[in-house]
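Everything on this sheet refers to the single structure shown next.
The values are calculated or read from the model by the stated rules, or taken from the named source; none is laboratory data. Everything numeric here is computed off the predicted structure, so don't read it as measured data. As a convention, Cβ positions derive from the backbone with ideal geometry for all residues, glycine included, and neighbour counts pool all protein chains shown.
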Number of protein chains: 2
Amino acid sequence: MAHDDVHPVSLACGDCPIRHRAVCARCESDELDELESIKYYRSFEAGQTVIWAGDKMDFVASVVTGIATLTQTLEDGRTQMVGLLLPSDFVGRPGRATAAYNVTATTDILMCCFRRKPFEEMMERTPHIAQRLLQMTLDELDAAREWMLLLGRKTAREKIASLLSIVARRDASIKLRNATGRTTFDLPLTREAMADYLGLTLETVSRQISALKRDGVIELEGKRHVTVPDMDRLLIEAGDDSDGGFLV
Amino acid sequence: MAHDDVHPVSLACGDCPIRHRAVCARCESDELDELESIKYYRSFEAGQTVIWAGDKMDFVASVVTGIATLTQTLEDGRTQMVGLLLPSDFVGRPGRATAAYNVTATTDILMCCFRRKPFEEMMERTPHIAQRLLQMTLDELDAAREWMLLLGRKTAREKIASLLSIVARRDASIKLRNATGRTTFDLPLTREAMADYLGLTLETVSRQISALKRDGVIELEGKRHVTVPDMDRLLIEAGDDSDGGFLV
DNA sequence: AACAGAATTTGACTCAAATCAAGTGGCACA
DNA sequence: TGTGCCACTTGATTTGAGTCAAATTCTGTT
């Protein structure tokens, strides 16, 4: 069992590309075996719905690769994204039988699922799983609250700049950063998904991206590939001097 | 040790008016003794700041009586409320030394505090505390996400109706409901605090409350005492057919 | 290379909420 | 009984983002 390549935040384990630190850190083989026995993989194509709000959900899961979103809707169709699930993020709630949100794959994704009941039983017996989940949930709560500030008080331009800096920041942690200080990445979301995330319309998203481009804050190749010549400038546009470390 | 009057959601314990179910449910006296030894009370007057974002915070706490708020601000002063703390709600984060938000008393409050370091150590040894905190944090996350939908997609009128129905609902659980189906309660927030919660200006809050009054959705005595003749009507105005059970 | 369909951009116009600016009303305190 | 303050209301006006309606660009397919 390779313990070197433990992923910092996942609950996945065993031969997952991503490992379960909570288990590995104090590894006991029977725990690993048990997690193995209740684990299975599911993959979804871009655009597919993983689960609808209100549906029965008899598993909890960890995103292995790809990007998924959590959304809520009002009856008249207005929709708001309430979470962006990146590799290693956790979905589902121990102790709850039905999904609270729509979960949709925005890229092709692979999820590592654990059958809920046995997972819950295991959590009862294995304290550090609950402790690890608590840390992860508190982080998500912080991210949600940061997002509330964005939704309630930022202008459209600030919202776009915030989203770009979040994507840039998390991409930068994976890709190499150019020596010139320029940052470059691909947007993993359509304009509509961005709008749903930011509480805007897709037209406004498009206009503000155009405006940021016109003003030299970003450069675009095609519709999705973005390069940021000066990250500090973008962070100023985002409106918060904070390190922008939320939501990742 | 009276176990009958256990409060459903608190971590407070011992001779607190509110008891700690996570402990009491599987009560062991040494745990109770230990919680007692790291516990102390603090009270604040309406309007006082409990702690500023960024300040050192060497305790976690549970609200015993009164109402407090969590807020975030942008440099230019725009502020967004990100949490409303009602009796039994938990503040602070195990493992974090500084406050992430401003905590302000909006009414006189009494808080039951636990010194953070010993609390964390106790949490390590007492699994059901972490499990209980996990449940509470997941509930808060759900409430935050419900609020994101409100901030991102609801109209001013819907926002006001949503806030009123939340306050009504949680007040109704304490006070008796009038046999005629009329619900009555006091607003625990100023117009400005409501605005900060809803991502509006205080003028818009005032106008929308006037409009709801004009349309007979609510009645007002003075500025703060509200009666709702028909709760279903208010829920329809709030825009979601859901039971509105969030945030309480 | 041409086409179909989707994603995106852009334009003209509207409208909900913000802003700016007086008000009013209630309450504490002299 | 006044007076000053604060919370709140209301009005006039502006404005940022939404809506509706074409274009345009991109993608994959035949």
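Worth pointing out:
- Among the residues of region A:66-89, those identified as over 11 Å from the mean Cα position of the chain (by Cα) and at pLDDT below 95 are A:Glu75, A:Asp76, A:Gly77.
- Residues (more than 9 Å from chain A (Cβ to nearest Cβ), modelled with pLDDT of 90 or more, in contact with a Leu (Cβ under 9 Å, 6 or more places away or on another chain) and not in a strand (DSSP E or B)) located in region B:101-135: B:Thr106, B:Phe119
- Scanning region A:63-83 for residues that are in a strand (DSSP E or B) and among the aliphatic types (A, V, I, L, M) yields A:Val63, A:Val64, A:Ala68, A:Leu70, A:Met81, A:Val82.
- Those residues of region A:63-101 which are out of contact with any Ser or Thr (no Cβ under 8 Å at 6 or more places or on another chain) and hydroxyl-bearing (Ser, Thr, Tyr), in sequence order: A:Thr65, A:Thr98
- Residue, farthest from the other protein chains (Cβ to nearest Cβ), within region A:146-169, restricted to residues that are touching a Phe, Trp or Tyr at 6+ places or on another chain (Cβ under 7 Å) and closer than 16 Å to B:Leu70 by Cα: A:Glu146
- Inspection of region B:60-69 finds no residue satisfying the criterion of being within 14 Å of A:Asp142 (Cβ to Cβ) and touching a helix residue (DSSP H, G or I) at 6+ places or on another chain (Cβ under 8 Å).
- Against the test of being surrounded by fewer than 19 Cβ atoms within 10 Å (Cβ to Cβ), among the basic types (Lys, Arg) and within 29 Å of B:Phe44 (Cα to Cα), the options B:Arg182, B:Arg115, B:Arg207 yield a single qualifying residue, B:Arg115.
- The combined condition, being within 13 Å of the chain's Cα centre (by Cα) and more than 10 Å from chain A (Cβ to nearest Cβ), is not fulfilled by B:Asp139.
- Residue within region A:174-188 that is touching a Phe, Trp or Tyr at 6+ places or on another chain (Cβ under 9 Å), closer than 20 Å to A:Val50 by Cα and more than 14 Å from chain B (Cβ to nearest Cβ) present: no
- Only one of B:Ala68, B:Ala105, B:Ala97, B:Ala61 that is surrounded by fewer than 18 Cβ atoms within 10 Å (Cβ to Cβ) and of a type in the set (Gly, Ala, Ser): B:Ala97
- Criterion (touching a strand residue (DSSP E or B) at 6+ places or on another chain (Cβ under 6 Å), assigned to a strand (DSSP E or B), more than 14 Å from chain B (Cβ to nearest Cβ) and of a type outside the set (Gly, Ala, Ser)) met by exactly one of A:Val60, A:Val50: A:Val50
- Qualifying residue in region B:142-158 (condition: of a type outside the set (Val, Ile, Thr), more than 16 Å from DNA strand D (Cβ to nearest atom) and more than 17 Å from the chain's Cα centre (by Cα)): no
- Flag for B:Arg78 being buried (at least 16 other Cβ atoms within 10 Å of the Cβ), out of contact with any strand residue (DSSP E or B) (no Cβ under 8 Å at 6 or more places or on another chain) and within 28 Å of A:Glu158 (Cβ to Cβ): yes
- Residue count for region A:88-136, restricted to those that are farther than 23 Å from B:Arg93 by Cα and touching a residue at least 60 places away in the same chain (Cβ under 8 Å): 14
- Among the residues making up region A:196-224, those that are part of a helix (DSSP H, G or I), near DNA strand C (Cβ under 9 Å from one of its atoms) and under 21 Å from the mean Cα position of the chain (by Cα) are A:Leu202, A:Val205.
- Looking only at region A:121-165, residues that are among the basic types (Lys, Arg) and away from DNA strand C (no atom under 16 Å from the Cβ) come to 3 in all.
- Condition check for A:Ile166: β-branched (Val, Ile, Thr), under 23 Å from A:Ile209 (Cβ atoms) and either surrounded by 21 or more Cβ atoms within 10 Å (Cβ to Cβ) or in contact with a Pro (Cβ under 6 Å, 6 or more places away or on another chain) (or both): yes
- Residue satisfying condition, being in contact with a Gly (Cβ under 9 Å, 6 or more places away or on another chain) and crowded, with 16+ Cβ neighbours inside 10 Å, within set B:Arg132, B:Arg191, B:Arg153: B:Arg153
- Here region A:84-100 is the region considered, the condition is being touching an Asp or Glu at 6+ places or on another chain (Cβ under 9 Å) and part of a loop (DSSP other than H, G, I, E, B), and the residue that is nearest to B:Leu235 (Cα to Cα) is A:Ala100.
- Taking region A:183-225 as the range and being away from DNA strand D (no atom under 13 Å from the Cβ) and in contact (Cβ under 8 Å) with a residue 12 or more places away in the chain as the test, the residues that pass are A:Thr183, A:Thr184, A:Phe185, A:Pro188, A:Leu189, A:Ala193, A:Gly216, A:Val217, A:Ile218.
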